[in-house]
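First comes the structure, then the notes that go with it.
What follows is calculated from the coordinates using simple rules that are stated; it is not laboratory data. Just so it is clear, the structure is predicted and the values come from calculations on it, not from any experiment. Heads up, the Cβs are rebuilt from the backbone with ideal geometry, glycines too, and the neighbour counts pull from every protein chain shown.
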Amino acid sequence: MTLLDIQISVEEGGWPSEDELQPLAERVLEAAAGHLKTHAKQKFPKMATELSLVFTDDESIRAINAEWRQKDKATNVLSFPAFPITPGKMPGPMLGDIIIARETVEREAAELEKPFDDHLTHLMVHGFLHLFGYDHMNNAEAEIMEGLETRILADLGLSDPYEGQDLKLEP
């Protein structure tokens, strides 16, 4: 059962084509949705809920980050839920938007000595969890969110992204 309708847009930054990114996004985000449904008892509408996944560059994400979060710097991923949601509650027909910046993902992957696609997968999952109301603003929230990320990534055959490293995703 498809839980998501994923709309992909490549705006800037030398990303592969939308047709190349679509299968990765579907595999990663459907796995994340399936994990939430099975293990976190997340409710889903009968019809697939839509989300937008935007691939851009550092310059664009910096402008968005400055406008919406008052942080004038590039970041790896931003999430904008369409509607406020509490983890476990039913989302509407539109989840929201996830925006990912290529240069930051490349730089972090190199710093972490991880393959680009593994780090990109982690950031997709991270951004997706934000759309469901998960956050990491305090230690208790971070423990829950990072635990979900780790288990979802394990479902996808990837190692714990937080093990043995200091680089954390910024709040």
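Quick notes on this structure:
- Subset of region 15-35 that is touching a residue at least 24 places away in the same chain (Cβ under 8 Å) and more than 13 Å from L120 (Cβ to Cβ) - its residue that is surrounded by the most Cβ atoms within 10 Å (Cβ to Cβ): A32
- Hits in region 65-104 - residues which are buried (at least 18 other Cβ atoms within 10 Å of the Cβ) and over 20 Å from Y134 (Cβ atoms): A74, A101, R102, T104
- Residue tally, condition in a helix (DSSP H, G or I), crowded, with 20+ Cβ neighbours inside 10 Å and without any contact (Cβ under 8 Å) to a residue 40 or more places away in the chain, over region 120-144: 1
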